[in-house]
């Protein structure tokens, strides 16, 4: 674990986490909910999508979020330290029976994705005197983890024999919520509604009040029929969506030029000599590389921002540094004492901006992968 205890000025690279943007995005999501009673579960897995959960989770709690979702036990344990008054910490990842038994002992909410585990979990709860907090995970069409709707109905029939387990939720996950019109989404929604109707007419409804939750980020923003009792936004909290919602990216990635140098025409640069100067060039060496999450495939493909102007990355990105062409950047000669100017890799600079989506589009991937790939060597600072 790398500890960063110094101010940003002490480092060649860092990230800035804009908590005002985070709260703006939360408010945008709240306003999109179909009903005021719909609860929001803030998804903070993967270190809050690499934004630093120790900054994000307390800020969300302060803004009124009381339910959180993570993927692993380790994430849940740390989140409980950060937000001890959280009303629900749900571990969404699929677990083995042995892992689920440990989650039960720790007192976290967790998903039950296979009926075969129910008897053993009930036995563990009975033996330890702990009342387990369980959410049924139903596969309504995504084909990933979860029991079938038919299995879920059978499990509800068995639940009366397991008083040691509290049914806190029934959930599923949407595969195509990024599409405005999707037959699969309608199929999943129909299956989930049928399960809700089955439960409403079931004798168990007299003693259990589970939260039905289905909607993820894009579903919150463009499919209000999926909202039910609770929604689970993740990437939208951090400023990204496939919709046109007015979200604000929360995270910026910045670095400093550590050396400026002149190269003559015809000079190679970097490993493999993949870039040859076509003119006398001013080059800036930037103290950030692929070990920090700047993908090597962006070599010779992506710009950075310096003083609000775009400068191309030239040559291959190295593990700890990369090079940019400063030749056309205006105002560098007027920097004075600023010998190591700031470089914006993701973020805003004097009216221009670069987003994680811009990187993702270059690499034929998604902003999730870009954000969660940012390295632990990057200090995260709240701004």
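The values are calculated or read from the model by the stated rules, or taken from the named source; none is laboratory data. Being a predicted model, the structure only gives us computed values, none of them experimental. FYI the Cβ positions are ideal-geometry reconstructions off the backbone, even for glycines, and counts take in every protein chain you see.
Scan the stretch 31-44 and tell me whether some residue there is farther than 30 Å from residue 244 by Cβ and without any contact (Cβ under 8 Å) to a residue 24 or more places away in the chain. Can you show your working first?
Restricting attention to the stretch 31-44, the residues satisfying the condition of being farther than 30 Å from residue 244 by Cβ are none.
So far as the stretch 31-44 goes, no, none of its residues is farther than 30 Å from residue 244 by Cβ and without any contact (Cβ under 8 Å) to a residue 24 or more places away in the chain.
Taking the condition of being over 19 Å from residue 371 (Cα atoms) and crowded, with 21+ Cβ neighbours inside 10 Å, how many residues in the stretch 33-58 meet it? Can you show your working first?
First, pick out the residues of the stretch 33-58 that are over 19 Å from residue 371 (Cα atoms): 33-41, 58.
Next, only the ones that are crowded, with 21+ Cβ neighbours inside 10 Å stay: 40-41.
Of the residues in that region, 2 qualify.
Quick check on my filter: what residues within the stretch 89-118 are in contact (Cβ under 8 Å) with a residue 40 or more places away in the chain and surrounded by fewer than 14 Cβ atoms within 10 Å (Cβ to Cβ)?
None; the set is empty.
Can you list the helices (runs of 4 or more DSSP H) lying wholly within the stretch 1-114 that have 2 or more residues being under 18 Å from the mean Cα position of the chain (by Cα) and either closer than 21 Å to residue 234 by Cβ or outside the structural domain of residue 211 (by TED's automatic domain parsing) (or both)? It would help to see each step written out before you state the result.
Values: elements: 19-32, 45-50, 53-62, 73-82, 97-106.
Qualifying helices (runs of 4 or more DSSP H): 19-32, 45-50, 53-62, 73-82.
Return yes or no: is residue 279 modelled with pLDDT of 95 or more and either within 22 Å of residue 14 (Cα to Cα) or over 17 Å from the mean Cα position of the chain (by Cα) (or both)? Working first, answer last.
On the way: modelled with pLDDT of 95 or more: yes; either within 22 Å of residue 14 (Cα to Cα) or over 17 Å from the mean Cα position of the chain (by Cα) (or both): yes.
Against the criterion (modelled with pLDDT of 95 or more and either within 22 Å of residue 14 (Cα to Cα) or over 17 Å from the mean Cα position of the chain (by Cα) (or both)), residue 279 qualifies.
Across the stretch 223-266, what is the total count of residues that are without any contact (Cβ under 8 Å) to a residue 60 or more places away in the chain and loosely packed, with under 15 Cβ neighbours inside 10 Å?
The qualifying residues number 7.
Exactly one of these conditions fails for residue 287: (1) touching a strand residue (DSSP E or B) at 6+ places or on another chain (Cβ under 6 Å); (2) crowded, with 20+ Cβ neighbours inside 10 Å; (3) touching a residue at least 24 places away in the same chain (Cβ under 8 Å). Give me its number.
(2)
When you look at residue 337, is it part of a helix (DSSP H, G or I) and modelled with pLDDT under 95, yes or no?
Here the answer is no, as residue 337 does not meet what is asked.
I need every pair where a residue in the stretch 64-77 that is on the phi < 0 side of the Ramachandran plot and in contact (Cβ under 8 Å) with a residue 60 or more places away in the chain has its Cβ under 9 Å from the Cβ of a residue that is in a helix (DSSP H, G or I) and crowded, with 17+ Cβ neighbours inside 10 Å, sequence separation at least 6 or different chains.
The qualifying pairs are 69/45.
Run down 311, 236, 244 and say which single residue is under 22 Å from residue 358 (Cβ atoms) and in a helix (DSSP H, G or I).
Values: 311 fails: in a helix (DSSP H, G or I); 244 fails: in a helix (DSSP H, G or I).
So the residue among 311, 236, 244 that is under 22 Å from residue 358 (Cβ atoms) and in a helix (DSSP H, G or I) is 236.
Spot the failing condition for residue 146; the list is (1) under 23 Å from the mean Cα position of the chain (by Cα); (2) over 15 Å from residue 232 (Cβ atoms), and only one is missed.
Residue 146 satisfies every listed condition except (2).
Find the residue count for the stretch 223-233, including only residues that are in contact with a strand residue (DSSP E or B) (Cβ under 6 Å, 6 or more places away or on another chain) and part of a loop (DSSP other than H, G, I, E, B).
Total satisfying the criteria: 3.
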